[in-house]
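What follows is a short report on a single structure.
The numbers here are math on the coordinates, done by the rules we state, and not lab data. All figures in this text were calculated on a predicted structure; none of them were measured in a lab. Cβ placement follows ideal geometry from the backbone for every residue including glycine, while neighbour counts extend to all protein chains displayed.
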């Protein structure tokens, strides 16, 4: 019989499990950190973005470029950063809209992706994003609903070239029924409202 002591077999099983979980947790943590860092790059980059006027930056600061770079990072095929940011410079009376707070920036991504996919599916270019985020003051000025999804940076009012609001709403509701998103679809006389609130609503 061998007198060699097998230390490996003496290691408690619970200790091995803890070591495995510790290693696994470290890997998950590193992945999460890399994702956060990628968002941090989008949120911190102040590189010039094609189509964004310097006058906007002069008016509202470097966050204009940070937000534009974030939108650019979404790699949308049919929507430009200019289209997204333009409504944030609209004025109603003496009240001017503003950029959304940074903690809301990511919220608009799912809605923009729905509209981007919608444009490709209909084969109709986006004409204009009339309204995206609205500040509370601007929302009151345009008589928006007090619980509007525009206040949460989850909604877009959109027009497409060569497609009526009736056609657009039919397409987007079909996308929703196929599981592309959960949210609201509103049909108006000259535009279509789309949001990704998490539950379905129609008007």
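Couple of notes before you dig in:
- Residue 153 falls short on exactly one of the conditions (1) touching a residue at least 24 places away in the same chain (Cβ under 8 Å); (2) surrounded by fewer than 22 Cβ atoms within 10 Å (Cβ to Cβ), and that condition is (2).
- Of the residues screened, residue 146 is not one that is surrounded by 18 or more Cβ atoms within 10 Å (Cβ to Cβ) and out of contact with any helix residue (DSSP H, G or I) (no Cβ under 6 Å at 6 or more places or on another chain).
- Only one of the listed residues (76, 85) is buried (at least 16 other Cβ atoms within 10 Å of the Cβ), closer than 24 Å to residue 142 by Cα and within 14 Å of the chain's Cα centre (by Cα). That residue is 85.
- Residue among 185, 194 that is closer than 20 Å to residue 147 by Cβ, in a strand (DSSP E or B) and in contact (Cβ under 8 Å) with a residue 60 or more places away in the chain: 194
- Unique match (being over 26 Å from residue 181 (Cβ atoms) and either surrounded by 12 or more Cβ atoms within 10 Å (Cβ to Cβ) or in contact (Cβ under 8 Å) with a residue 60 or more places away in the chain (or both)) among 93, 51: 51
- With respect to the conditions (1) surrounded by 21 or more Cβ atoms within 10 Å (Cβ to Cβ); (2) touching a strand residue (DSSP E or B) at 6+ places or on another chain (Cβ under 6 Å), residue 127 lacks only one, and its number is (1).
- Pick from region 172-190, criterion in contact with a helix residue (DSSP H, G or I) (Cβ under 6 Å, 6 or more places away or on another chain) and crowded, with 20+ Cβ neighbours inside 10 Å, ranking: nearest to residue 122 (Cα to Cα): 172
- Here region 102-139 is the region considered, the condition is being touching a helix residue (DSSP H, G or I) at 6+ places or on another chain (Cβ under 7 Å) and assigned to a loop (DSSP other than H, G, I, E, B), and the residue that is nearest to residue 160 (Cα to Cα) is 125.
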